[in-house]
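Heads up, the thing below is written out as structure tokens.
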Ligand code: HEC
């Protein structure tokens, strides 16, 4: 395989460093910190537009069975692959089938192994929309986990998202910081079955 996947990266290395209020709300006693982190409503709105038109919810919000078939569960908006949904051993697929997803549309099996969509909420322990906003831009620009780690795996459309401008990425990040935080620890990716079996 041309791609190596590191599993078991120290979790601490990817944890957010600091927590600041995600959405700076108007307050009776605004502090200096709140003033400097105050969110720009127009930027958030632009971010909402970009997130909803660029299909982030399709993969990062778990799907549930609704009255009219599968639909995204917006009560867990953009919180990634649910930690409560364990992934059983992977089965071989008959060619030409090569890629499969769980019913939640958050775990993906392919030649790269299994990838799990990230928690994009501002949860300070398990989310991506924490203060390291530059890392988010770096992730899209470099295609690397947290902007500097392993390669980000399919089907995250990194190559297409490189077409976002820095301004777009900032707006997306502002929106993500404004949404409800959901505590959900997404698992590390799994290597392809032959690597697990040690035959490759
Ligand atoms: C087709 C499915 C899909 C879509 C659409 C998608 N993602 Fe992802 N995304 C993934 C998967 C799968 C991962 C996990 C990849 C991995 O573990 O390497 C991921 C990971 C990420 C990460 C974490 C990257 C890292 O540092 O490891 C961020 C941030 C992210 N996506 C943001 C977004 C945003 C913002 C959008 C919409 C503009 C979006 N994604 C749309 C599937 C998708």
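Points to keep in mind about this one:
- Subset of the stretch 93-111 (residues that are closer than 18 Å to residue 193 by Cβ, part of a loop (DSSP other than H, G, I, E, B) and touching a strand residue (DSSP E or B) at 6+ places or on another chain (Cβ under 9 Å)): 93, 98, 99, 102
- Among the residues of the stretch 178-198, those identified as modelled with pLDDT of 95 or more, more than 11 Å from the ligand (Cβ to nearest atom) and crowded, with 18+ Cβ neighbours inside 10 Å are 178, 179, 181, 182, 184.
- All positions within the stretch 139-176 that are under 19 Å from residue 44 (Cα atoms) and away from the ligand (no atom under 11 Å from the Cβ): 165, 166, 167, 170, 174
- If the condition is being farther than 19 Å from residue 177 by Cβ and under 20 Å from the mean Cα position of the chain (by Cα), then the stretch 76-101 contributes 81, 82, 83, 84, 85, 86, 87, 99, 100, 101.
- Index of the failed condition, residue 88 passing every other in (1) out of contact with any helix residue (DSSP H, G or I) (no Cβ under 9 Å at 6 or more places or on another chain); (2) near the ligand (Cβ under 10 Å from one of its atoms); (3) modelled with pLDDT under 90: (2)
The values are calculated or read from the model by the stated rules, or taken from the named source; none is laboratory data. Note that this is a predicted model, so its numbers are computed, not measured. No Cβ is skipped: glycine too gets one built from the backbone with ideal geometry, and neighbour counts run over all protein chains shown.
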